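Visitor: Below is one structure. I have some questions about it.
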Amino acid sequence: MYSLGIPAANLVASSHIDPARRVYQVGSLLYKVLLSGERPPAGHVRALEPSGEFATLSTAAGIPGVPEAIDFKQTGCCECLVIRHVPGITLEKARLTFGRSLLTTGRLMVLLVRLSLRGISHNDLVPGNIIISASGAVSLIDFDQASRERPVKALLRQILGVRVGSTPLYASLRTILKYLAKQQLSQGPASRARRALSRRRSVPMPTLPPGAGRHLDLLRRAWITAQESAASAPGHFLAYYSLEIDGYTFPGERPWKPRWEVLRSVTDYRGKRVLELGCNLGLLSSHLLAEEGAAAALAVDIDQQILDGARQVAQAFGVSPEFKHQDLDEPEAWEPELEAFRPDIVFALNVMNWVNDKERLAAFLGRFSEVVYEGHGTYGEECERLHSVGFTTTRLVDMSERGRAIIHCLKT
């Protein structure tokens, strides 16, 4: 930042997808910096460099809900886009009522139409790129995947999700509508009734005495969340795993300790980056960081509620894995972002059974050199699937408590 003449700036964001991109803040201004000469990871193409994003925002100047482009700077080491900070919270952090969801959708559609009329398609309409202000105003941020299109094409792309043109389309208004619909269903009367029934039928949590420790309180809250979530043990009002710690037992369908002892023995995790698909409460990611010296972990699950519990588990163990809410059957491309995490080892334990497009998930696993896998088929059937996507070595690690093969897969 010194090279740009800005001596005092706070780093507010850095991308694990593209480490060359960073965002700094000084007062009401944001500085989106791209280190010169750095290429993005394979599978993640930058549609626009800072200069292109500056030009796009300048074209959209005056449209309410579009960040104001202030300046573009370039030095020998970096390029920098200067924009006005948009106050508010992202849509993924907002909990909207049904009425506010409708209002937000309407305001977003108006914004997209205005952008389309100026020949701009955003192309990356995910909840994290939509800002809701305290007054309910809607803004769009991160135009680095935007493209210039004819107005009709821009409307088709970002509102209907039609893939016209050659520029990648990562997410459209359809993505937001599905997200808001799922959010409303999770907050509806039926869901509230289910959670109330869950509390009545769930297995009692241990009573913690005063001063038992913040980590135990966090774990207790995480296990209550897991009991209420349909992702843990659907219909059983019980967490997927039970955990014994400091003389207390947090109840679950099956004990975590034997599972952990098997998984921790598979390979050497020291300094490795771990991707965990179907993480549930994130016990594996948290334990690998806390006890086995893993360098980083990205834990992915389809259920937002269970991810909230996983964050509490991570806090309890004093670690900081990254978390991502992701439906692996989502038609939009999720593979590039997960691959860009650059995992050294991928866990796909009891995940294949729950996705519809099994060939797609298998092909994704085949992009990596080391995978720990558990499926519902026989050992021979699963080995055949794994060999078909390029794994040359498959080793039976153990059989789970349900008789499923846990397989260590390698490419030599």
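The values are calculated or read from the model by the stated rules, or taken from the named source; none is laboratory data. If you're wondering where the values come from, they're calculated on a predicted model, not measured in any experiment. All Cβ positions, even for glycine, are placed from backbone atoms using ideal geometry, and neighbour counts span all protein chains on display. The accessibility values were calculated without ligands, DNA or RNA, using every heavy atom of the protein model including side chains. Shrake-Rupley method; radii C 1.70, N 1.55, O 1.52, S 1.80 Å.
Visitor: What percentage of the solvent-accessible surface of the chain, computed with a 1.4 Å probe over protein heavy atoms, is contributed by carbon and sulfur atoms?
Guide: Details: 10320 of 19030 Å².
Whole-percent figure for carbon plus sulfur exposure: 54.
Visitor: Could you state the angle between the C-alpha long axis of helix 173-187 and the longest principal axis of the C-alpha atoms of the chain, as a value from 0 to 90 degrees rounded to the nearest 10?
Guide: 40 degrees
Visitor: Cβ under 15 Å from Asp398's Cβ, Asp398 left aside: what net charge do those residues give with Lys, Arg +1 and Asp, Glu -1? Numbers along the way, then the final one.
Guide: Details: positive: Arg254, Lys257, Arg259, Arg264, Arg395, Arg402, Arg404; negative: Glu261, Glu374, Glu382, Glu401.
Net charge in that neighbourhood comes out at +3.
Visitor: With a 1.4 Å probe and all protein chains kept in place, how do Arg220, Arg367 rank by accessible area, largest first? Intermediate results must be reported in sequence, preceding the final value.
Guide: Working: Arg220 75, Arg367 115 Å².
From most exposed to least exposed: Arg367, Arg220.
Visitor: May I pose another question? Treating region 347-389 as a set of equal point scatterers at the Cα positions, no solvent, please give the Debye-formula log₁₀ I(q)/I(0) at q = 0.14, 0.24, 0.25 Å⁻¹.
Guide: Per q value, in the given order, log10 I(q)/I(0) is -0.26, -0.83, -0.91.
Visitor: Quick one: helix 189-201 against the long Cα principal axis of the chain, what's the angle to the nearest 10°, folded into 0 to 90?
Guide: The answer is roughly 30 degrees.
Visitor: At 0.36 nm per residue, and after removing the present C-alpha to C-alpha distance, how many nm does the segment from Gln304 to Arg395 gain when stretched out fully? Walk me through the numbers before you get to the answer.
Guide: Details: separation 91, 0.36 × 91 = 32.76 nm, distance 3.31 nm.
Gain on stretching Gln304 to Arg395: 29.5 nm.
Visitor: Next question. Got the relative contact order for the chain handy, in percent, Cα pairs under 8 Å and 6 or more residues apart?
Guide: Working: 760 pairs, mean separation 38.8, N = 412.
After rounding, I find 9 percent.
Visitor: Right, another one. For an R0 of 41 angstrom, estimate the FRET efficiency from the Cβ-Cβ distance between Phe98 and His215 and round to the nearest 0.05. Please report the intermediate quantities before stating the final value.
Guide: Working: r = 37 Å, r/R0 = 0.90.
Plugging the Cβ-Cβ distance into 1/(1 + (r/R0)^6) gives 0.65.
Visitor: Moving on to the next point. Could you work out how far apart the two model spin labels at Glu384 and Leu410 are, taking each label as a point 7 Å from the Cα in the direction of the beta carbon, and quote it in nm?
Guide: 2.5 nm
Visitor: Given +1 on the Cβ of Lys and Arg, -1 on the Cβ of Asp and Glu, and no further charges, what dipole in debye does the chain carry about its Cα centre, rounded to the nearest 20? Don't skip to the end; give the middle numbers.
Guide: On the way: 48 positive and 43 negative charges, 255 e Å.
Approximately 1220 debye in magnitude.
Visitor: Considering all alpha-carbon pairs of region 44-96, what whole percent are spaced by more than 19 angstrom?
Guide: 42 percent
Visitor: Using a Gaussian network for the chain with springs between C-alpha atoms less than 10 Å apart, which of these wobbles most: Arg150, Arg214, Arg114?
Guide: Residue with maximal mean-square fluctuation among Arg150, Arg214, Arg114: Arg214.
Visitor: Extending each Cα 7 Å along its Cβ direction at Arg367 and Val110, get the distance between those two points in nm, one decimal.
Guide: Using points 7 Å along Cα→Cβ, the separation is 3.9 nm.
Visitor: Continuing with the same structure: Report the local net charge at Arg107: Lys and Arg +1, Asp and Glu -1, summed over other residues whose C-beta lies under 14 Å from its C-beta.
Guide: Details: positive: Arg100, Arg114; negative: none.
Residues near Arg107 contribute +2 overall.
Visitor: Using only helices, what value at 222 nm comes out for the chain when you add -39,500 (n - 2.57) per DSSP H run of length 4 or more and divide by the total residues, to the nearest 500 deg cm²/dmol? Working shown, then result.
Guide: Values: 12 runs with 132 residues, N = 412.
Helix contribution divided over all residues of the chain: -9500 deg cm²/dmol.
Visitor: Give me the percent of Cα-Cα pairs in the chain that sit more than 32 Å apart, rounded to a whole number.
Guide: Values: 36947 of 84666 pairs.
Of the Cα pairs, 44 percent sit more than 32 Å apart.
Visitor: Residues with amide H under 5 Å of Leu238's amide H, sequence separation 5 or more or different chain, H placed in the peptide plane at 1.01 Å from N; which?
Guide: Ala233
Visitor: I've got another one for you. Taking only the C-alpha atoms, wrap a convex hull around region 265-366 and report its volume per residue in Å³ as a whole number. All intermediate terms of the calculation are to be shown ahead of the outcome.
Guide: Values: hull volume 9.5 nm³, N = 102.
Roughly 93 Å³ of hull volume per residue.
Visitor: Mind ranking Lys182, Lys32 by accessible surface for me, highest first, 1.4 Å probe?
Guide: On the way: Lys182 105, Lys32 25 Å².
From most accessible down to least: Lys182, Lys32.
Visitor: So, in nm, how far is label Thr267 from label Val164 when the simple model puts each one 7 Å beyond its Cα toward the Cβ?
Guide: Those two pseudo-labels are separated by 4.6 nm.
Visitor: Further, regarding this structure: Taking the solvent-accessible surface of protein heavy atoms with a 1.4 Å probe, what is the per residue accessible area of the chain in Å²? If you can, show how the numbers build up before the last one.
Guide: Numbers: 19030 Å² over 412 residues.
Roughly 46 Å² per residue, with all protein chains present.
Visitor: Can you give the relative contact order of region 44-137 as a percent, counting alpha carbon pairs under 8 Å and 6+ residues apart?
Guide: Values: 89 pairs, mean separation 27.6, N = 94.
Contact order relative to length: 29 percent.
Visitor: Please report the accessible area of Lys153 (heavy atoms, 1.4 Å probe, ligands and nucleic acids excluded) in Å², nearest 10.
Guide: 80 Å²
Visitor: Quick one: which of 247-254, 277-284 comes out on top by average Cβ neighbours within 10 Å, and what's the full order, highest first?
Guide: Ranking the peptides 247-254, 277-284 by packing returns 277-284, 247-254.
Visitor: Taking the Cα centre of region 247-298 as origin and charging only Cβ (+1 Lys, Arg; -1 Asp, Glu), how large is the dipole, in debye to the nearest 20? Intermediate values should be presented prior to the final figure.
Guide: On the way: 7 positive and 6 negative charges, 10 e Å.
Using only the charged Cβ atoms, the result is roughly 40 debye.
Visitor: Considering the dipole of the chain built from charges on the beta carbon (Lys and Arg +1, Asp and Glu -1) around the Cα centre, which of Leu34, Val355, Ser172 is farthest to its positive end?
Guide: Ser172
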